[in-house]
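What follows is a set of notes on a single structure, which appears directly below.
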Amino acid sequence: LMDIVINHHDKAAPPKSQAIFNYTDCWLNWLYCLDLPNNIQPYAALLARFHGLKEGPWLLAAPIHWEVSHNNAAVTATQKELKLSPAESLAFYEVIASFLREDGFVLHYINADTWLVKPMFKPAIKSAIPEWLLNRSLTPTLMSLDVSGYWPRLLTELQMLLSNHAYNQLKPRELTVNGIWFYGEGSFDALKKTTYTDNVQLQACFPEHVKPLDLNIMDDHAVYLIDNYQPDIIRKFQTYSKKHSTRWFWNNQAYQMIKKSWLDWLRG
């Protein structure tokens, strides 16, 4: 079953396609297609490789706004809703970095929405991407982050730190950053699927498993990642999908195209 990942939005799913699970991010969709052990999506490890950082474990740190009551908690805004400017994000990052470095963390600022942190000698974490948690009860996820309780305690400490900082140091906003969420854990211990892509940087990061995109090679067991959207390339895969089963992962939807049986062909 060929997987096709496109870093682009699609207008509408084709007729007779079947909707399937997807992320709203090209790189998370690619990681999902690799069928990594324990169903992990090591997004932080991927970004660390992109930026030439040493081996992890790395995590992503995402600014959030969350609300906590005596018996529940919920993330009410993630990066998309917060819309931090680079100056605002950097101000929060500097506060967080100073706090976490005292606890032995290594940090790396990428952009306003993406920070990488390396938790040195800390308990392993089992997290989820912030978008999945939006406006849902956070209690089950907090309870399963780790067996020691370290990560829930750290999240609470960071909420207290940022709540004070947001009002005292920065101009108040309608949605303030009052928390940080950690996610994207995992490593690339067992890459088995071959990926063909037009992304040169990804090829350089995984030379043994990621190859240049070649439309003369159609491998039903591979992943094809199209980072630079080109209609001609998409039409090539659409033609292929008429006779082969494929899964399509766009940034806004995903679907499966099932190979037609001989009876389907007779029916037209």
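Restricting the GluC sites (Glu not before Pro) of the stretch 91-160 to loop positions (DSSP other than H, G, I, E, B) with no more than 14 neighbouring Cβ atoms within 10 Å leaves GLU102. Accessible surface for the chain, divided over its residues, is 53 Å² per residue with a 1.4 Å probe.
Each label was represented as a point 7 Å from its Cα along the Cα-to-Cβ direction; for SER69 and VAL147 these points are 3.3 nm apart. Among MET160, MET257, MET2, the sequence by solvent-accessible area, most first, with a 1.4 Å probe is MET160, MET257, MET2. Which residues does the label zone of ASN38 cover in the stretch 126-143, counting backbone N under 15 Å from a point 7 Å along Cα→Cβ? Residues passing the 15 Å test: 126-128.
When only alpha carbons are used to place a centre, the stretch 1-24 and the stretch 99-152 end up 30 Å from one another. Helix 231-241 axis versus longest C-alpha principal axis of the chain: approximately 60°, rounded to the nearest ten. In the chain, helical runs assigned H by DSSP with n ≥ 4 each contribute -39500 (n - 2.57); averaged across all residues and rounded to the nearest 500, the mean residue ellipticity at 222 nm is -9000 deg cm²/dmol. Longest exposed-loop-site-free stretch of the chain, with trypsin sites (Lys or Arg not before Pro), DSSP loop and at most 10 other Cβ within 10 Å? Of all site-free stretches, the longest is 55-191. Orientation-averaged projection of the chain equals 16.7 nm² [convex hull of Cα atoms, one quarter of hull surface area].
Restricted to Cα atoms, the stretch 5-69 shows a radius of gyration and a Dmax of 15.7, 46 angstrom. What the pair-distance distribution of the stretch 1-112 shows, using all Cα-Cα distances binned every 5 Å from zero, is 2, 8, 13, 16, 18, 17, 12, 7, 4, 2, 0, 0 percent.
Could you tell me how many degrees, from 0 to 90 and to the nearest 10, lie between the Cα long axis of helix 86-101 and the main elongation axis, the longest principal axis, of the Cα atoms of the chain? Tilt relative to the chain: about 70 degrees. Note on the stretch 63-129: with charges restricted to the Cβ of Lys and Arg (+1) and Asp and Glu (-1), its dipole about the Cα centre is near 260 debye. Full extension of the chain between LEU191 and SER163 gives 6.0 nm of extra length, using 0.36 nm per residue less the Cα-Cα distance. Taking the charge dipole of the chain about its Cα centre, with +1 at Lys and Arg Cβ atoms and -1 at Asp and Glu Cβ atoms, the residue from GLN256, SER163, ILE40 reaching farthest to the positive side is GLN256. Positive end of the dipole of the chain (Cβ unit charges, origin at the Cα centre): among GLY149, HIS221, THR139, the Cα lying farthest that way belongs to HIS221.
Relative contact order of the chain, taken over Cα pairs closer than 8 Å and 6 or more residues apart, is 34 percent. Relative intensity of the stretch 174-249 on a log10 scale, I(q)/I(0) at q = 0.13, 0.17, 0.25, 0.26 Å⁻¹, equals -0.54, -0.76, -1.28, -1.35, per a Debye sum over C-alpha point scatterers of equal strength in the absence of solvent. Please state the charge dipole magnitude for the chain, taken about the Cα centre, from unit charges on C-beta atoms (+1 on K and R, -1 on D and E), reported in debye and rounded to the nearest 20. Roughly 760 debye for the chain.
The values are calculated or read from the model by the stated rules, or taken from the named source; none is laboratory data. Just so it is clear, the model here is predicted, and its values are computed rather than measured. With ideal geometry, Cβ positions are generated from the backbone for all residues, glycine too; neighbour counts draw on all protein chains shown. For the accessible areas, the whole protein counts, side chains as well, though only heavy atoms, and no ligand, DNA or RNA atoms are used. Shrake-Rupley method; radii C 1.70, N 1.55, O 1.52, S 1.80 Å.
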